[in-house]
Structure formats: structure tokens, C-alpha cells
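Below: the structure, in C-alpha cells.
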Amino acid sequence: GESVGLHLPTLSVQEGDNSIINCAYSNSASDYFIWYKQESGKGPQFIIDIRSNMDKRQGQRVTVLLNKTVKHLSLQIAATQPGDSAVYFCADQMFSGGYNKLIFGAGTRLAVHP
Amino acid sequence: DAGITQSPRHKVTETGTPVTLRCHQTENHRYMYWYRQDPGHGLRLIHYSYGVKDTDKGEVSDGYSVSRSKTEDFLLTLESATSSQTSVYFCAIKPENTEAFFGQGTRLTVV
């Protein structure tokens, strides 16, 4: 697989624990936020999204929280499994000049230990 | 995956040579994006397109040009490849009002 993300911050958790991955964004005009998961050698895959008119959204085992006051986004993974090991990116979409731009954060590596 | 294909998947080229990467979609979506991914930097936007012949620069556009002569293809060209352009390149398509879908990536090595 591709050796990207070697210098990313890493979150190490035990299997079965809950994981929280944080992300800060800078543009107050962003109105749509997405979490992606990237496994080695693959492109990013969608996990969950949230619009700026929401504070929380839940999916299967995942929850995204949005705090617009401090421009902070978090991804919570319940009962973390070895298959959750990957690099996680937050992305924010800004509608600028009449068009959508999608900007990614630097990413966090999640390492799940048995 | 979501009707998006990148080619080639791997390429080694010499410094100073032109290189073109292709992104092809079967979904007829308006938005297409090119990103590069490097250790410690995540995905950085190079260029994006919002329609045929409509493109704009991203945050790391220097040394790259793009073209979109038809809806389904978005081409990324390195006019004169440099070692700093060694990277993994990802194309993405984005339907209206929903998330973007990514291709499998192209690993480019400039020697």
C-alpha cells in the first residue's frame, strides 16, 4: 500500500474502547463537513457527514459532533474494532464564488490494538 | 468505485518531462477535483472543475494545469515534472449536496 501519513498524529486505542478523533477548521463560511476513512493503498471513503445547521449526527457506531463556536469537529467511534485502523480525515466544504471547494485536514491515524 | 477511474495507477517519470494523469467518471457529475497526498500533509487541493471548460486553482496549483473538455474526463498535467511532485494523486467527483467520492489514486514518482 501507499506509505502516506507516516508523520500524522496517532491515536492508539484498545479494541472495544471508544475512540474520539478531533479536527479544527478555520473557515466560518464552511457549511458542510465530512469525515473520511482511508485504508492503506486506497482512496478516502465516506464515513459520515454533518451540515452546519446541526450539532450532532449519528451513524452506525459513529457520531460526529460539530461546535461552530470554536470551529471544532469530532468523530466518535464506539466499540472500536481492528478494522477501524486507518487514517481519518475531516473535510469541510465551502461554497465560494458560486462553487463548492472541499478542503481536507491533515488527518489522524487510528491504531487499534487487540 | 462510484464510477470513477484514475489512470495510470503508477508512473515513474524523469525530471523535466511532461506527465498527464487522467480521471474518468461515468456518473456525469459537475464537480471534479484533483488532490495530492504527502506524508504529514493530508490531501491538498490542486485544481477543481465545476463544469466543462470551467476550472479553478486550489491551494497547491503551481506547476500543474488541468483541462476538462468533456464532463467525464478531468486531466491533470505536470508541464515539467520535478522531484517535489512525487506524490500520490487522488481524483474525486462530487454530486450536488452530498459527499465526494474518490478514485484509487495514482502513485507518481519523479526521478
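The values are calculated or read from the model by the stated rules, or taken from the named source; none is laboratory data. Note that this is a predicted model, so its numbers are computed, not measured. Glycine gets a Cβ as well: all are built from the backbone with ideal geometry, and neighbour counts include every protein chain shown. Just the protein is used for accessible areas: all its heavy atoms, side chains included, with ligands, DNA and RNA removed. Shrake-Rupley method; radii C 1.70, N 1.55, O 1.52, S 1.80 Å.
What to note about this one:
- Straight Cα distances below 17 angstrom link A:K37 to the aspartates and glutamates A:E2, A:D49, A:D84, A:D92, B:D1, B:D38, B:E99, with same-chain residues fewer than 8 positions distant left out.
- Electrostatic tally near A:I21: other residues with Cβ closer than 14 Å to its Cβ, Lys and Arg +1, Asp and Glu -1, net +1.
- Candidate residues B:K94, A:K68: accessible-area rank, largest first, probe 1.4 Å: A:K68, B:K94
- For chain A, with +1 on Lys and Arg beta carbons and -1 on Asp and Glu, the positive-most of A:T108, A:W35, A:G83 along the dipole: A:W35
- Global form of segment A:17-82, assessed from the alpha-carbon gyration tensor, a/c cut-off 1.5: prolate
- B:E96 accessible area, 1.4 Å probe, all protein chains in place, Å² to nearest 10: 100 Å²
- Using a cut-off of 25 Å between Cα atoms, the listed pairs B:K70/B:K94; A:K68/B:K53; A:K42/B:K53; A:K68/A:K101 include A:K68/B:K53; A:K42/B:K53 as exceeding that distance.
- Chain A, accessible area per residue, ligands and nucleic acids excluded (1.4 Å, Å²): 49 Å²
- B:H47, B:H10, B:H41, reordered so the largest accessible area comes first (probe 1.4 Å): B:H10, B:H41, B:H47
- Within the accessible area of segment A:17-82 (1.4 Å probe), percent carbon and sulfur: 44 percent
- Cα shape, segment B:4-110, gyration tensor, a/c 1.5 rule: prolate
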